Amino acid sequence: AQSVTQLGSHVSVSEGALVLLRCNYSSSVPPYLFWYVQYPNQGLQLLLKYTSAATLVKGINGFEAEFKKSETSFHLTKPSAHMSDAAEYFCAVSGGSNYKLTFGKGTLLTVNP
Amino acid sequence: GAVVSQHPSRVICKSGTSVKIECRSLDFQATTMFWYRQFPKKSLMLMATSNEGSKATYEQGVEKDKFLINHASLTLSTLTVTSAHPEDSSFYICSASTLAGGGTGELFFGEGSRLTVL
């Protein structure tokens, strides 16, 4: 069984500030973890993924996430927020191609000028 | 690579009519496609898993006679909302898995289709 908990349905930051979006997971098998971003009225775009290689994963648009097995976490960070980062962010977990991708409820990021 | 395209992006229809949404994998063969529904300010709800050449597997609570899914080829899956009603208005998103995902379960998403039923 798999599940994802995203802490905070809405995060608001100032432009230039640190972005931290929290994600905790549970999985009965070694997990693959993903962060997707969704802009209004669009589909989901992959930001980054953890596939059991390096625990610190770098993605597009300056985002990165660190897999911490002991904390069952995969938090998403970006050192300096940009206005264009405003979007909905989804964390997801999978046990592999034979498992369905399980999504968190999403975190809406707003960036204030 | 691994591009998924949906059409139409927006559709408005009258209550009682049927609407078809197409999902195509443009540069790969998708043996499995997934259809999601997204309500405003809500997460994605998996509706069904579509396998090429076989019947779709619907999630609990999803009416298979209302949401007809066909996956007739390795590059095309369709979702038909039959006898649509205003409560069917939503954002529908398809996705596909592919070997490009490296066996991780990664999904590639279409652009989504906004359905409005008057």
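Read the figures in this text as sums done on the coordinates, not as results from a lab. What you are looking at is a predicted structure, and each value in this text was computed from that prediction instead of being measured. Please note: Cβ atoms are built from the backbone with ideal geometry, for glycine as well, and neighbour counts cover all protein chains shown.
General observations
- Within segment A:11-113, all pairs of alpha-carbon atoms sorted by distance into 10 Å bins from zero give the percentages 16, 50, 29, 6, 0.
- Max mean-square fluctuation residue, GNM over chain A, Cα-Cα springs under 10 Å, options A:50, A:39, A:99: A:99
- With the biggest extent put first, the Cα atoms of segment B:52-118 measure 42, 24, 23 Å across the principal axes.
- In chain B, Cα pairs under 8 Å separated by at least six residues give a relative contact order of 37 percent.
- Remark on chain B: ratio of C-alpha radius of gyration to 2.2 N^0.38 Å is 1.00.
- Near residue B:115: Cβ cut-off under 10 Å, other residues only, Lys/Arg at +1 and Asp/Glu at -1. The net charge is +2.
- When the Cα positions of B:97, B:60, B:83 are compared along the charge dipole of chain B, B:83 comes out farthest toward the positive end, with charges on each C-beta of Lys, Arg, Asp and Glu.
- From the alpha carbon centroid of segment B:69-118 to that of segment B:1-49 is 2 Å.
- Rg ratio for the protein assembly as shown: its Cα radius of gyration over 2.2 N^0.38 Å, N being its residue count, equals 1.02.
- Our compactness index for segment B:1-70, the C-alpha radius of gyration over the empirical 2.2 N^0.38 Å, is 1.19.
- Based on Cα contacts under 8 Å between residues 6+ apart, chain A shows a relative contact order of 37 percent.
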